[in-house]
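Undergrad: Before I ask anything, here is the structure I am working with.
Just so it is clear, none of the values below were taken in a lab; they were calculated from the coordinates. Keep in mind that this is a model prediction, so the values were computed, not measured. Counting neighbours? That spans all protein chains shown, and the Cβs are built from the backbone with ideal geometry, glycine included.
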């Protein structure tokens, strides 16, 4: 499989952007195989673009291409842009507490080569899931939150992550991470919330849903920000429930939703399909 | 088509209820064609039952049957029960302001004989939809909210409704009805709310949804209580949206959801499939 | 609302197409507001593109732009291309027999300005729906299939259509149109088939579905070709059914599916979102 | 958790059945906690019933209850009936070839206690999945189809199954089992077919779907009969796909459908929610 490159761009909209970008790529030997573009407004809006190109005939190195693109195109249009390559998979860390359904789904899809990444480690505040994780050949680190509190645990986790982790997935990790810990990972920490946000924020959403008698339950994958349960939404889904569903039934149904919604959000992030702007996302699927 | 009868029961659960009910009906010549039952708990819970029976061989009149049932079965089990008949359709009034999509859907299904009721009238605070409504052969009454305020309008509407209206459907009626007006119609006023409650309660939910960047929008049909946007939910549904959707696009997508969700809720109510308990519903579909 | 233009392109894939197209448009003052592209294969595949541009600052007339595009870009890449404009709506004719649900849905959305077209006429082999159609201010022509057979009826319909009809929608029109009649309208006749094609081709699909005991029923909107029930599929959807559904219930559920699926397909066609290749479609949504 | 019993009944419909059944149970101390009933026709139809009862106060043993029910009620109404108990889980065997997604889903749900059964063994014609299966503590038997052909393999598998296997699940088992092998397991072998039957029967349905350009793909779980791909359907579902989906993408999307559809069908079978009649099923959910 020949590598493809993905270019994601956000900038103020104005005429000529697509022409400049695609002409630049063409003159360097790229063949565009997928291009998706969105503008928030025909006049004075924000421009978003994701394109994928095929690189076997590129006439320059990746670093030279990036330098040239920045100079020739990026600067001219005040672009926020990034290039990534299908043969340089992102390095991901999965955080989990005790509920294993989201974690197992991700490991399983990873094993089936459906998630284009390296899973560098699973981090948990409990020992429970060590065997399951190691069975997938993925390193497992238990970082309990002990007497030193969350600060000490976060220091340990930061060390484990090193400075080359591209993505943290909170796969039902039940501790709250501090703003300091999260800061270096802006728009690179994905959480699964077990409700259709913004309904049922906060604790025990399935019990809330049961008390309210809703006819659908939902799950939401979103980027984590300092404000809990409120970062940019990547993906959501709902499932139909009835009066026959106990809280336990809602949880079981919700678990299925959660693992599917989270898996989709992670996949799209890894394929560079998600661009954040303000408190929202553009998802080029 | 021979008439069928529907019996809906709520009572404290204990052994022997189904046996008592079905034996009573059998001894009077009824053939049960559909029975659905639910208990909230195997011990000390609440018992709900809906059954439909076929009546060509009944040995007593309807009023005699009801009197006997109340004496022999209803009282013994402290039942809250009601009997209705497919050949005695409910009398419904539809309230609307200017958005016609929900109203038209209901009138259309009514014309196609998909809604088993008599639509006695459409009431609106505007004249706009008179021609569309009268085209279906349904009386239209404009009751504007004038100098006399809502109290005067409600008095006029109460008079129009008379004392034999079984159901009021708020098909995007944008005025708030008072507790006094609603009181006689407990669990008999259905509203469509243009969001997935309890998310986005209050005004302009599609704008709220747009600002929040949700990936699904929803609609909720519920019984109206004094507390706005908070009565027992009958039906909900969601539709997928993307970053490309403007507020207007969300509204158009939402309109389709609203008319379908409301139509289902109204149909189930008319078929006596909905039993309210506390702030929730049992929907026997 | 300023007009936008839509450009749809199919051609053999090779490097430089997007660059050539967008540079051409940019140099003539177009601002691209939406661009979607697909290639069937990175090497030797087929290239599809739909883009929408904003035209207030165009420096040439539409006909000049089209002539120039054909010369400068279209010919060079052996393109099959078409340009259309949001202020030149397509002229549509709706064909129907007796089932009105699809027709009413289309007329209703047309009245709500959700379908960007002119509905020039409704043609039916029966008189039944005249009043309903004329209520929308749309001309109704009954063309019964009489002693002269289908040939005579088709001759009459061809005359009614004239030579400026862009789209024919078969909204449950139950007669089979001949290849001769259809020929001038390749990829411009949309039919709704009341099943999830290719399951249940042929007559009475709901009865077939009932006998087979399926748990979902479907509907399919497709372009009509000489081979019945087999043209390029534009849109499909399914709905859940149970053992409780009679054939009549399946039909009622199916009617809702049909009208929604057909309405989506027609809307996408009118917005030039559908490109046919071989027996398939690309739908840029 | 106190055990519950489930009673499933099929018989010719006539008045008095529910009364007789529930009165019998009541007089023996059962408390019905769930009852669902269906008749194909109000006159001369077939009657189906599933009820669940709570047994802590039963006055007789299970075998005595069954003997009495057969005598007093079953015989009188010519019933086909069965009783099962939540504390006597069914004994299941899973058959698989090389695709592990359906198998893993079932093992995983089994491990999460979402599938009320004993998984006695996994049988495969390949060694590939031994480690994955044994990791769940479930015995794995490789029964390759060698020189002795399918007959020899089936003899070996029949021996492994013994005479106390209640359910065989074909979780992507790619060999065709003979009528002789299947005979003892009528309505107790569940297969997952990777299409929305009856569309795309036969080999390589995802390639067929790709060639046809469908906009949805499906999966079907059904009981296996001698006629391939054609037994009574238990559950189906579909997922939306687009022109961007390669055959491999369709397979990946389909795999997710398959495992969910199969898991639901197996769960409903294990909970005695499925009654077969002719070539269809009643599913009491």
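Undergrad: In percent, what relative contact order does the range B:90-283 have, based on Cα pairs under 8 Å that are 6 or more apart in sequence?
TA: RCO, the range B:90-283: 21 percent.
Undergrad: In addition: Give me D:188, C:285, C:172 sorted ascending by neighbouring Cβ count inside 10 Å, so fewest comes first.
TA: C:285, D:188, C:172
Undergrad: Which of A:142, A:265, A:92 ends up with the largest GNM mean-square fluctuation for chain A, with Cα atoms connected below 10 Å?
TA: A:142
Undergrad: Starting with the fewest neighbours, write out B:134, B:227 ranked by other beta-carbon atoms found within 10 Å of each beta-carbon.
TA: Ordered from fewest to most neighbouring Cβ atoms within 10 Å, B:134, B:227 come out as B:227, B:134.
Undergrad: Residues of B:17-25, mean number of Cβ from any other protein chain within 10 Å of their own Cβ, rounded to a whole number?
TA: On the way: counts 4, 12, 12, 4, 3, 10, 7, 1, 4.
Averaged over the peptide's residues, the number is 6.
Undergrad: Given Cα pairs under 8 Å that are at least 6 residues apart, what percent is the relative contact order of the range A:102-143? Don't skip to the answer; put the middle values down first.
TA: Numbers: 37 pairs, mean separation 15.8, N = 42.
After rounding, I find 38 percent.
Undergrad: Can you compute the FRET efficiency between residue B:43 and residue A:249 using 1/(1 + (r/R0)^6), with r the Cβ-Cβ distance and R0 = 22 Å? Round to the nearest 0.05.
TA: Once rounded, the FRET efficiency stands at 0.75.
Undergrad: Sort D:156, C:113, D:251 by Cβ crowding within 10 Å, fewest neighbours at the top.
TA: C:113, D:156, D:251
Undergrad: Something else now. What shape does the range D:117-158 take by its C-alpha gyration tensor, where a ≥ b ≥ c are the square roots of the eigenvalues and a/c under 1.5 counts as rounded, a/b above b/c as prolate, and the rest as oblate?
TA: Oblate.
Undergrad: Given labels modelled 7 Å from the Cα in the Cβ direction, how far is it in nm from residue D:134 to residue A:141?
TA: Using points 7 Å along Cα→Cβ, the separation is 3.2 nm.
Undergrad: With springs only between Cα atoms under 10 Å, which of D:163, D:128, D:272 fluctuates most in a Gaussian network model of chain D?
TA: Between D:163, D:128, D:272, it is D:163 that shows the largest mean-square fluctuation.
Undergrad: Report the closest approach of any chain C C-beta to the axis of the C-to-B rotation: residue and distance, in whole angstrom.
TA: Rotation axis C onto B, closest Cβ, rounded to whole Å: C:135, 3.
Undergrad: Taking chain B as a Gaussian network, where each spring joins two C-alpha atoms under 10 Å apart, which residue of B:238, B:46, B:220 fluctuates the most?
TA: Looking only at B:238, B:46, B:220, the biggest GNM fluctuation is shown by B:46.
Undergrad: For residue D:207, go 7 angstrom from Cα along the Cα-to-Cβ vector, then report the distances to that same point in the other copies in nm, smallest first.
TA: Residue D:207 label point versus its equivalents elsewhere: 3.7, 5.5, 5.6 nm.
Undergrad: Please say if the range A:203-285 is rounded, prolate or oblate, where rounded means a/c under 1.5 for a ≥ b ≥ c the square roots of the C-alpha gyration tensor eigenvalues, and otherwise the choice is prolate for a/b larger than b/c and oblate otherwise?
TA: Prolate.
Undergrad: Another question, then. When the Debye formula is applied to the Cα atoms of the range B:209-250, each taken as the same point scatterer, what base-10 log of I(q)/I(0) results at q = 0.17, 0.22, 0.26, 0.28 Å⁻¹?
TA: Summing over Cα pairs of the range B:209-250 leads to -0.57, -0.75, -0.84, -0.89.
Undergrad: Between residue D:61 and residue B:63, what is the FRET efficiency for a Förster distance of 41 Å, r being their Cβ-Cβ separation, to the nearest 0.05?
TA: 0.35
Undergrad: If you don't mind, there's one more thing I want to ask. Output, in nm with one decimal and in ascending order, the distances from the residue C:147 label point to the matching label points of the other copies (7 Å from Cα along Cα-to-Cβ).
TA: 7.1, 8.1, 10.8
Undergrad: Taking the mean number of other Cβ atoms within 10 Å as a proxy for protection, how do you rank A:114-121, A:103-110 from highest to lowest? Let's see the in-between values first.
TA: Working: A:114-121: 18.8, A:103-110: 22.2.
Averaged packing, sorted descending, gives the order A:103-110, A:114-121.
Undergrad: Bin by bin, in steps of 10 Å, what percent of the Cα pairs in the range B:90-283 do you find, going until the bin that has the longest distance?
TA: The percentages, shortest bin first, are 9, 37, 37, 16, 1.
Undergrad: The range A:4-85: D in µm²/s via Stokes-Einstein (Kirkwood Rh, Cα pairs, 10 °C, 1.306 mPa s)?
TA: Once the numbers are plugged in, D ends up at 124 µm²/s.
Undergrad: Pairs of alpha-carbon atoms within less than 8 angstrom and 6+ residues apart define the contacts here; what relative contact order does the range D:4-85 have, in percent?
TA: On the way: 130 pairs, mean separation 38.3, N = 82.
Averaging sequence separation for qualifying contacts and normalising by length gives 47 percent for the range D:4-85.
Undergrad: Can I ask one more? Using the Cα atoms of the range D:240-285 to build a convex hull, what is its mean projected area in square nanometres?
TA: On the way: hull surface 17.4 nm².
Average of the hull's projected areas for the range D:240-285 equals 4.3 nm².
Undergrad: Nearest 500 deg cm²/dmol is fine: what mean residue ellipticity at 222 nm does the protein assembly as shown get from its DSSP H runs of n ≥ 4 alone, each adding -39,500 (n - 2.57), divided by its residue count?
TA: -9000 deg cm²/dmol
Undergrad: Still on this model: Sort shortest first the distances from residue C:114 to its counterpart in every other copy, using label points 7 Å along the Cα-to-beta-carbon line, and give them in nm.
TA: 1.3, 3.3, 3.5
Undergrad: Cα atoms only: what Rg and Dmax, in Å, come out for the protein assembly as shown?
TA: 31.4, 94
Undergrad: Here is a further query. Provide the FRET efficiency to the nearest 0.05 for the residue A:114-residue B:82 pair, computing r from the beta carbons and using R0 = 45 Å.
TA: 0.25
Undergrad: Over all residues in A:143-149, what is the mean tally of Cβ atoms on other chains that come within 10 Å of each residue's Cβ?
TA: 0
Undergrad: So, one more: What number do you get for the range D:171-235 when its Cα radius of gyration is normalised by 2.2 N^0.38 Å, N = residues?
TA: 1.16
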